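What follows is a single structure, written as structure tokens, with notes after it.
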Amino acid sequence: MKTLDAVWRNRIFCEDALQGLARIPDGSVDLLVADPPYGLGKDYGNDSDKMESAEYLQWMEQWIDLALPKLKANGSLYIFLTWRYSPEVFVLLKQRMTMVNEIIWDRRVPSMGGSTRKFSSVHDTIGFFAKAKDYYFDLDAIRIPYDAETKKARSRKIFEGAKWLEMGFNPKDVWSVSRLHREHPEREEHPTQKPLEIIERIIKASCPVGGVVLDPFLGSGTTAVAARRCGRDYVGFELNPEYCAMIEQRLQDDRPEPEASLGVA
């Protein structure tokens, strides 16, 4: 199994992923987290999200075929999509990987206004795919603790020593995590920024400590920040120079304060 050289680890490359991915050694990445343009005409400071449907799907296939060989044999991919293109992209990926989960991210959008000709869309879709049956997955790292009331209700002898009761339960495939509203302390000037809570859960579950997370579309840099917080390395690409500067600033601001030295009196 290959390892990624130090020259690649914890680096942000301000370039098109289609060019940059070709330079990363095959079989050297533990986890691929992809949040590509959604095909909705969003403004990312360029025309990357303004392709027609056929061109968009062709582009998706192009970067996917460049990115997947970078994964180790037991590596995984998580991809963020909307309902508009998730069926087509899931079919494309199923031809190359094993689909493990379709995760629904409930963005907790408040019930205000919305369309009068259809149901309001309040979720994103996250596809979880693996290269092989023995893919890396650490459930214990992401278990959700039971509250005291639930534990008390399960106090009968048959539950004594039950690992699931002591450590918590497996997160379900619907994740209810608030979107980053304008006043949120994590919020950056990016139209589709993802919460750290979601990316940290993905990384803890599917990348070993000391492993490498690859993000071809770094955007606001949440994957890089989350990887460092979780004790993993990261490498990624971002086309917009302003976003690249944003990522570097986020990483600098998020750096933990050095511990005060204990001087001798």
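Per DSSP H run of at least 4 residues, take -39500 (n - 2.57); add these up for the chain, divide by its residues and hand me the 222 nm value, nearest 500 deg cm²/dmol. Please list the in-between numbers first.
Details: 8 runs with 72 residues, N = 265.
Dividing the helical sum by the residues of the chain leaves -7500 deg cm²/dmol.
Quick one: which residues, 5 or more positions from Val100 or on another chain, have an amide H under 5 Å from its amide H? H modelled 1.01 Å from N in the peptide plane, none for Pro or chain starts.
Phe128, Phe129, Ala130
Excluding Pro69 itself, what net charge comes from residues whose Cβ is under 12 Å from its Cβ, given Lys and Arg +1 and Asp and Glu -1?
On the way: positive: Lys2, Lys70, Lys72, Arg96, Lys131; negative: Asp26, Asp65.
Result for the local shell: +3.
So which of Lys42/Lys204; Lys118/Lys172; Lys72/Lys204; Lys42/Lys172 end up more than 22 Å apart by C-alpha? Write out the running numbers ahead of the final one.
Numbers: Lys42/Lys204 30 Å; Lys118/Lys172 27 Å; Lys72/Lys204 17 Å; Lys42/Lys172 30 Å.
Listed pairs above 22 Å: Lys42/Lys204; Lys118/Lys172; Lys42/Lys172.
Please give the peptides 117-123, 31-37, 138-144 ranked by average Cβ packing (other Cβ atoms within 10 Å per residue), highest first, as a rough proxy for protection. Could you put the intermediate results ahead of the total?
On the way: 117-123: 10.6, 31-37: 24.0, 138-144: 14.1.
Highest to lowest by the protection proxy: 31-37, 138-144, 117-123.
Any idea what Rg and Dmax come out to for the chain if you just take the C-alpha atoms, in Å?
According to the Cα coordinates of the chain, Rg and Dmax are 19.9, 74 Å.
Report ³J(HN,Hα) in whole Hz for each residue of segment 194-207, in order, from the Karplus equation J = 6.51 cos²θ - 1.76 cosθ + 1.60 where θ = phi - 60°; Gly and Pro get x.
9, x, 4, 4, 6, 5, 5, 4, 4, 5, 4, 6, 10, 9
Report Rg (one decimal) and Dmax (nearest whole number) for segment 163-233, counting Cα atoms only, units Å.
Taking only Cα atoms of segment 163-233, I get Rg and Dmax of 13.7, 42 Å.
Given an 8 Å cut-off on Cα distances and at least 6 residues of separation, report the relative contact order of the chain as a percent.
Working: 452 pairs, mean separation 66.7, N = 265.
Here the relative contact order equals 25 percent.
Output ³J(HN,Hα) for segment 86-102: one whole-Hz value per residue in order, computed from phi by the Karplus curve 6.51 cos²θ - 1.76 cosθ + 1.60 with θ = phi - 60°, and x for Gly and Pro.
Values, residue by residue: 4, x, 5, 5, 5, 4, 4, 6, 5, 7, 10, 9, 9, 7, 9, 8, 10 Hz.
Apply the Karplus parameterisation 6.51 cos²θ - 1.76 cosθ + 1.60, with θ equal to phi minus 60°, to every residue of segment 174-184 and state each ³J(HN,Hα) to the nearest whole Hz, in sequence, with x for glycine and proline.
10, 10, 9, 9, 4, 4, 8, 6, 4, 8, 5
Based on the mean of other beta carbon atoms within 10 Å per residue, what is the order of 88-96, 195-203, most packed first?
Details: 88-96: 14.7, 195-203: 20.6.
Descending mean neighbour count gives 195-203, 88-96.
Every number here is computed from the coordinates shown, using simple stated rules; none is lab data. Given the structure is predicted, the values throughout are model-derived calculations rather than measurements. Quick reminder, even Gly has a Cβ in these numbers, built from the backbone with ideal geometry, and neighbours come from all protein chains shown.
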